[in-house]
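To keep things clear, I will list the structure first and then write my remarks on it.
The values are calculated or read from the model by the stated rules, or taken from the named source; none is laboratory data. Everything numeric here is computed off the predicted structure, so don't read it as measured data. Heads up, the Cβs are rebuilt from the backbone with ideal geometry, glycines too, and the neighbour counts pull from every protein chain shown. Each accessible area value is taken on the protein alone, full model and side chains, heavy atoms only, with ligands, DNA and RNA left out. Shrake-Rupley method; radii C 1.70, N 1.55, O 1.52, S 1.80 Å.
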Amino acid sequence: MKFTIRARLTASYFLVLAASFTAFFFICDVGFQRSIQASVNDASRSNLEIVRRVLDNSVDKGLSKVQKELTELADLWANGAIFEVAGPDRQWIYRPRQFQASVPKLEPLNGEALRFITTNLELQQYRIARQRVWVDGRVYQIDAAVPTEAFDQALDNFRLVEKRFLPPLVVLASLLGYWLSGRALAPVNRIIEGAERVGVRNLSERLEVPKAQDELRRLTETLNAMLERIENSVKRITQFTADASHDLRTPLALIRTNAELALRRPRSESEYQETLCRILATSEETTELIEKLLMLARADANVAQFRLEPVNLYPVLQRVAQKAKVLALGKGIIFSESVVPYSHTILGDEAALERLFLSILDNAVKYTLSAGQVSLLFHLENGQAVIEITDTGIGIHPKDLPHVFERFYRADQTRSRETRGSGLGLAIAKWIAERHGGSIKLESQLGCGTQVTIQLPLADEEIHGQYERVSEAREMPANLV
């Protein structure tokens with residue numbers, strides 16, 4: 001059977017209260033009993049000492065005088081306290097009728113230690129202090145008894161109060177607990193109701209935050225933060241889907257248009273070849289776009305895996321530089337490189353790193369006009385491998401700089417029309433750099449050019465303090481294309 005949190009809290013509260021009250025009354029009962037017993041023992045011991053002092057004062061005056069003094073003392077005592085005294089011959093000097101009727105009979109003591117016993121004398125319970133005492137060189141036995149009926153009645157009354165008030169107290173406290181738990185859980189119900197109202201169509205709605213600075217407020221704020229992250233993720237997915245659809249629709253439309261135009265009428269072989277070349281080029285661009293989309297999708301799903309191993313960046317940058325030279329040569333751009341063969345390595349995926357550097361270089365060549373310059377510089381700094389790619393291209397407007405690493409973002413429409421691209425290159429480059437524990441920074445000035453700085457941590461544990469070849473690398477004559 002399923003119970004609500006409120007019901008379980010109330011049941012737990014009831015059990016804890018019942019156990020607590022029971023333990024409390026039990027401890028009080030035991031304490032009350034011990035307190036009564038101590039009080040009765042003190043009273044009977046005190047009476048025994050009084051009888052002893054009477055014996056001390058009268059024993060040398062004769063037996064009749066002792067009996068007279070004891071009788072007068074017994075008449076003075078109130079509240080039913082009684083005593084008896086036995087002489088050295090173990091014959092009772094003074095003994096009231098209550099002791100004479102005791103069952104079982106009280107036998108004389110053998111030792112001198114003070115003893116306490118509880119017994120009935122004429123159907124009434126007494127607490128008796130018994131002791132053998134030395135008076136004037138002779139041994140006497142004194143039994144001083146105090147009735148316990150008044151104390152027993154007080155204890156019975158206390159137990160009656162326990163029986164009468166314990167169940168109602170537990171029930172009332174449990175009802176109070178039920179009411180309090182309902183009030184405490186009311187914000188939880190409001191959170192549940194608010195969460196039920198949130199759906200895909202109204203992800204912007206947030207839960208009502210309680211005023212109290214407690215755990216429920218923290219829970220609500222955490223849920224609102226989670227809803228905000230979900231909303232942002234859904235927005236990114238929606239935007240990603242829309243942008244991907246738009247970028248895929250254009251090349252597919254071009255392929256279809258070229259094919260339809262070629263089939264409208266008979267054409268020469270050269271015209272067919274020209275059409276097929278356009279279709280092939282568009283298909284290759286589409287394939288590259290799809291590969292980028294798949295890579296980013298795997299990155300979002302956290303299933304993209306890099307094969308991390310020690311990589312020397314020098315041969316990687318050499319291969320990338322050779323490819324960049326070809327790209328630059330095709331546009332009449334001057335390309336320079338300053339890549340020093342350091343022996344240091346980084347932990348990384350060689351193919352991914354090559355894609356990272358080539359993507360940045362491709363952008364630099366793509367957005368640099370003819371006769372412009374693109375340079376590649378590699379050096380070490382503070383335990384980091386630093387790769388700087390600089391161009392003298394058209395630059396980026398300051399308002400576009402915060403968004404250049406966003407997916408499908410194109411700096412401006414004029415630039416987009418002149419140079420085809422998917423707007424995914426820099427997003428992928430940033431993802432690769434961060435997966436290698438590094439960073440990528442872009443600085444640009446409109447009309448002057450752009451510089452991209454990539455920093456990757458070295459695999460060596462030792463932080464190299466001297467880089468004597470850094471200055472030489474910066475001053476090394478450039479290899480011009």
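Look at Ala281 and say whether it is in contact with a strand residue (DSSP E or B) (Cβ under 7 Å, 6 or more places away or on another chain) and small (Gly, Ala, Ser). Lay out the reasoning, then the answer.
Numbers: in contact with a strand residue (DSSP E or B) (Cβ under 7 Å, 6 or more places away or on another chain): no; small (Gly, Ala, Ser): yes.
Criteria not met by Ala281.
Residue check: Gly395 meets all listed conditions (1) closer than 18 Å to Gln451 by Cα; (2) modelled with pLDDT under 90 but one, namely (2). For Ser370, work out the one condition from (1) over 25 Å from Tyr314 (Cα atoms); (2) among the small types (Gly, Ala, Ser); (3) open to solvent by less than 40 Å² (accessible area, probe 1.4 Å) it doesn't fulfil. The one condition Ser370 does not meet is (3). Taken over segment 135-157, the criterion of being open to solvent by less than 50 Å² (accessible area, probe 1.4 Å) and either under 49 Å from the mean Cα position of the chain (by Cα) or over 24 Å from Glu122 (Cβ atoms) (or both) is satisfied by Val135, Val139, Tyr140.
Taking Ala385 as the residue in question, decide whether it is in contact (Cβ under 8 Å) with a residue 60 or more places away in the chain and part of a helix (DSSP H, G or I).
On the way: in contact (Cβ under 8 Å) with a residue 60 or more places away in the chain: yes; part of a helix (DSSP H, G or I): no.
When the stated conditions are applied, Ala385 does not pass them.
In the set (1) open to solvent by 40 Å² or more (accessible area, probe 1.4 Å); (2) at pLDDT below 85, the condition left unmet by Leu296 is number (1).
The rows are residues; the columns are (1) open to solvent by 90 Å² or more (accessible area, probe 1.4 Å); (2) modelled with pLDDT of 80 or more; (3) in contact with a helix residue (DSSP H, G or I) (Cβ under 9 Å, 6 or more places away or on another chain); (4) part of a helix (DSSP H, G or I).
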{"position": "Leu172", "(1), (2), (3), (4)": "yes, yes, no, yes"}
{"position": "Glu205", "(1), (2), (3), (4)": "no, yes, yes, no"}
{"position": "Leu223", "(1), (2), (3), (4)": "no, yes, yes, yes"}
{"position": "Leu227", "(1), (2), (3), (4)": "no, yes, yes, yes"}
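The residue that is farthest from Val404 (Cα to Cα), counting only those in segment 376-390 that are more than 41 Å from the chain's Cα centre (by Cα) and open to solvent by less than 40 Å² (accessible area, probe 1.4 Å), is His379. When you look at Leu248, is it open to solvent by less than 70 Å² (accessible area, probe 1.4 Å) and in a helix (DSSP H, G or I), yes or no? When the stated conditions are applied, Leu248 passes them. Beta carbons closer than 7 Å, at least 6 apart along the sequence or on distinct chains, never pair a first residue in segment 230-245 that is under 18 Å from Leu289 (Cα atoms) and in contact (Cβ under 8 Å) with a residue 40 or more places away in the chain with a second that is assigned to a helix (DSSP H, G or I) and open to solvent by 80 Å² or more (accessible area, probe 1.4 Å).
Tallying residues that are closer than 14 Å to Pro96 by Cα and open to solvent by less than 30 Å² (accessible area, probe 1.4 Å) within segment 59-74 yields 3.
Kindly evaluate Phe335 against the criterion of being farther than 23 Å from Ser439 by Cα, buried (at least 19 other Cβ atoms within 10 Å of the Cβ) and not hydroxyl-bearing (Ser, Thr, Tyr). Answer is yes for this residue. For first residues located in segment 266-290 and in a helix (DSSP H, G or I), partners that are aliphatic (A, V, I, L, M) and lie 6+ apart or on another chain with Cβ distances below 6 Å form the pairs Thr275/Ala262; Ile279/Ile255; Thr282/Leu254; Thr282/Ile255.
Filter segment 347-360 for residues that are touching a helix residue (DSSP H, G or I) at 6+ places or on another chain (Cβ under 7 Å) and crowded, with 23+ Cβ neighbours inside 10 Å; which is nearest to Gln305 (Cα to Cα)? First the steps, then the outcome.
At the first step, the residues of segment 347-360 found to be touching a helix residue (DSSP H, G or I) at 6+ places or on another chain (Cβ under 7 Å) are 350, 352-360.
Remaining after also requiring crowded, with 23+ Cβ neighbours inside 10 Å: 353, 356-357, 360.
On the way: Leu353: 13, Leu356: 15, Phe357: 19, Ile360: 22 Å.
Within segment 347-360, the match that is nearest to Gln305 (Cα to Cα) is Leu353.
Criterion applied to Arg45, Arg90 was being free of Cβ contacts under 8 Å to residues at least 60 places away in the same chain and over 30 Å from Leu176 (Cα atoms), and the one residue passing it is Arg90.
If the condition is being closer than 17 Å to Asn57 by Cα and of a type in the set (A, V, I, L, M, F, W, C), then segment 131-145 contributes Val133, Trp134, Val135, Val139, Ile142.
Of the set (1) crowded, with 16+ Cβ neighbours inside 10 Å; (2) assigned to a helix (DSSP H, G or I); (3) touching a helix residue (DSSP H, G or I) at 6+ places or on another chain (Cβ under 9 Å), all apply to Pro210 but (2). For Ala259, the criteria (1) surrounded by 12 or more Cβ atoms within 10 Å (Cβ to Cβ); (2) more than 24 Å from Phe408 (Cα to Cα); (3) under 34 Å from the mean Cα position of the chain (by Cα) hold in every case but one, which is (3). Here Gln98, Gln33 are screened, and the one residue that is in contact (Cβ under 8 Å) with a residue 40 or more places away in the chain, open to solvent by less than 60 Å² (accessible area, probe 1.4 Å), assigned to a helix (DSSP H, G or I) and not acidic (Asp, Glu) is Gln98.
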